[in-house]
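Okay, structure first, notes after.
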Amino acid sequence: MENTQKKIKVTVPGQDSYFMQEAVKVIRTNLEFCGRDIKTIAFTSYGENEGKTTVSVFIAKSLAELGKKVLFVDADMRKSVFAVRNTDSTDYSGLSEVLSGIKALDECIRETTQDGLYILQSGKYPPNPVELINSKYFEDLIVNSKQIFDYVIIDTPPIGYTIDAAIISGISDGVVIIIGDPNLKRRQAKSMMTQLSKANCHILGLIRNNIKRQSKKRYR
């Protein structure tokens with residue numbers, strides 16, 4: 001795990017917001033109460049721009065703040081912008097290189113400036129992402145990571161567009177669904193649940209995102 005690469009700084013929008021921090025603490029606590037066997041947790045949403053990456057990174061950072069050893073895996077090998085948008089990394093190699101056999105896992109897992117938090121970036125976009133995700137190598141990676149880390153948080157592609165998220169969720173201990181699109185149709189939500197059900201996923205819960213606060217009143 002140790003390497004000579006510089007530590008990566010990870011940031012998320014709203015990380016200095018009191019309300020965001022409190023909301024994340026509630027989610028973190030609920031995940032802890034899911035049980036000690038829930039260690040690999042996938043995050044997905046129906047579509048893009050629903051806040052899935054922001055929420056999952058927030059959760060990973062929050063768990064690390066508790067003294068947990070956490071690995072954040074960016075498993076969106078199709079369109080991820082995590083490494084560019086949320087880190088100061090200059091080496092973008094990651095999951096795709098590991099699953100393709102180009103690099104070893106310990107070369108691509110990067111330590112961050114936050115104690116206890118490690119990241120595995122998505123890597124360069126491969127021509128066959130679903131084949132890599134559906135391989136024995138990916139399953140072994142997740143299973144073996146459970147032996148090293150207290151939690152493995154996996155950011156997946158939107159389930160409404162690809163099968164990747166269902167595959168990943170099926171080999172994870174549980175999946176959290178993010179709904180941030182106020183115009184999400186019932187048929188779309190039903191399709192998402194059907195996909196996850198077919199993959200025998202353990203659905204841990206649903207997070208409603210992008211809700212505007214209607215009042216500025218303080219808690220009493």
*Calculate, in nm to one decimal, what residue 200 and residue 90 gain on full extension: separation in residues at 0.36 nm each, minus their alpha carbon distance.*
35.8 nm
*Could you tell me the largest-minus-smallest coordinate of the C-alpha atoms of the stretch 2-100 on each of the three principal axes, in descending order and whole angstroms?*
36, 31, 26
_Inverse mean reciprocal Cα-Cα distance (Kirkwood Rh) of the stretch 102-220, Å_ = 16.8
*Can you tell me the accessible area per residue over the chain, all protein chains present, probe 1.4 angstrom, in square angstrom?*
54
*Using Cα centres only, tell me the gap between the stretch 106-131 and the stretch 34-83 in whole Å.*
12
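What is the calculated FRET efficiency for residue 66 to residue 5, with r their C-beta to C-beta distance and R₀ = 22 Å, to the nearest 0.05?
Rounded to the nearest 0.05, the efficiency is 0.30.
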*Give the Kirkwood hydrodynamic radius (Å, one decimal) of the stretch 21-73, defined as one over the mean of 1/r across all pairs of different Cα atoms.*
11.8
*Points 7 angstrom from Cα along the Cβ direction at residue 104 and residue 136: gap in nanometres?*
2.1
_Quick check: pseudo-label points 7 Å beyond the Cα along Cα→Cβ at residue 148 and residue 29, how many nm apart are they?_
3.3
*Along principal axes, Cα extents of the stretch 40-149, largest first, whole Å*: 37, 32, 27
*Using 0.36 nm per residue of separation minus the Cα-Cα distance, give me the extension gain between residue 208 and residue 163 in nm, one decimal.*
14.0 nm
*State the answer as a single residue: which of 56, 33, 71 lies farthest towards the positive end of the charge dipole of the stretch 16-86, with beta carbon charges of +1 for Lys and Arg and -1 for Asp and Glu, about the Cα centre.*
71
*Among 182, 87, 123, whose Cα sits farthest toward the positive end of the charge dipole of the stretch 47-201 (+1 at Cβ of Lys/Arg, -1 at Cβ of Asp/Glu, about the Cα centre)?*
182
*asked:* If you roll a 1.4 angstrom probe over the protein chains with everything in place, what fraction of the accessible area of the chain belongs to carbon and sulfur, to the nearest %?
replied: 49
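Quick one, can you get me the convex hull of the C-alpha atoms of the chain expressed as volume per residue in Å³?
On the way: hull volume 27.9 nm³, N = 220.
Normalising the Cα hull of the chain by residue number yields 127 Å³.
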*Label-point separation, residue 125 to residue 22 (7 Å along Cα→Cβ), nm*: 4.1
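The values are calculated or read from the model by the stated rules, or taken from the named source; none is laboratory data. Treat the numbers as computed from the prediction; the structure is a model and nothing was measured. Virtual Cβ from ideal backbone geometry, glycine too; neighbours counted across all protein chains shown. The accessibility values were calculated without ligands, DNA or RNA, using every heavy atom of the protein model including side chains. Shrake-Rupley method; radii C 1.70, N 1.55, O 1.52, S 1.80 Å.
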